[in-house]
Amino acid sequence: MANDLDPFIPEYWSRRMQVIHEKKTVYRAFANFEEQPTLKNGDTVHRPYRSALYAQSYTRDTAVTVQAVSGTDQYLSVNQAKIVPFYVDTLDSVQNKWDAVDRFAEDAQLKLNEQIDGYALSQSYQGATSKIDDADF
């Protein structure tokens, strides 16, 4: 007959939950947040921009070519909302060893940040250009 001492071997629970490794978002490094306060009570911000000027050589007593100037209205419309819904029963919140609501809320925030990151990067890509002219120099 074999010995069975398994009932005497304890099991332990870690003091923390597993870390979920998610990709890091990058939009905050290049996004501009200065209009954020304006959007507290509106859904569109207009910010016009002007055409680029460039330096040119000049010789005394000769005619110069005047550069045409123009402006364009650029605007930001806030017209999207994303959510990450989840539910934790109150009884589970009381009886769980860890604060599951906080951990799931952190996960939800990461998913929302990933949505922002993807959108910001797609807009940067769509607006990118490889055109270089004398105004760039």
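The values are calculated or read from the model by the stated rules, or taken from the named source; none is laboratory data. All values reported here derive from a predicted model rather than from experimental measurement. So basically every Cβ, Gly included, is an ideal-geometry build from the backbone, and we count neighbours across all protein chains shown. Just the protein is used for accessible areas: all its heavy atoms, side chains included, with ligands, DNA and RNA removed. Shrake-Rupley method; radii C 1.70, N 1.55, O 1.52, S 1.80 Å.
Would you point out which residue out of Gln115, Gln67 is more than 30 Å from Trp13 (Cα to Cα) and open to solvent by 90 Å² or more (accessible area, probe 1.4 Å)?
Numbers: Gln67 fails: open to solvent by 90 Å² or more (accessible area, probe 1.4 Å).
Gln115 is the lone residue from the list that is more than 30 Å from Trp13 (Cα to Cα) and open to solvent by 90 Å² or more (accessible area, probe 1.4 Å).
For every residue, the table says whether it meets (1) farther than 20 Å from Ser122 by Cβ; (2) modelled with pLDDT under 90; (3) in contact with a helix residue (DSSP H, G or I) (Cβ under 8 Å, 6 or more places away or on another chain).
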position	(1), (2), (3)
Tyr12	yes, no, no
Tyr27	no, no, yes
Thr38	yes, yes, no
His46	yes, no, no
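The set of residues from region 50-64 being surrounded by 10 or more Cβ atoms within 10 Å (Cβ to Cβ) and not aliphatic (A, V, I, L, M) comprises Ser51, Tyr54. Does Thr38 satisfy being β-branched (Val, Ile, Thr), without any contact (Cβ under 8 Å) to a residue 12 or more places away in the chain and surrounded by 10 or more Cβ atoms within 10 Å (Cβ to Cβ)? Yes. Scanning region 21-35 for residues that are open to solvent by 100 Å² or more (accessible area, probe 1.4 Å) and assigned to a loop (DSSP other than H, G, I, E, B) yields His21, Lys23, Lys24, Glu34.
From the list Ala108, Ala120, pick out the single residue that is over 19 Å from Val26 (Cβ atoms) and surrounded by 13 or more Cβ atoms within 10 Å (Cβ to Cβ).
Details: Ala120 fails: over 19 Å from Val26 (Cβ atoms).
Ala108 is the lone residue from the list that is over 19 Å from Val26 (Cβ atoms) and surrounded by 13 or more Cβ atoms within 10 Å (Cβ to Cβ).
Checking each residue in region 81-101 for being surrounded by fewer than 12 Cβ atoms within 10 Å (Cβ to Cβ) and under 19 Å from Arg16 (Cβ atoms) picks out Asp92, Gln95, Lys97.
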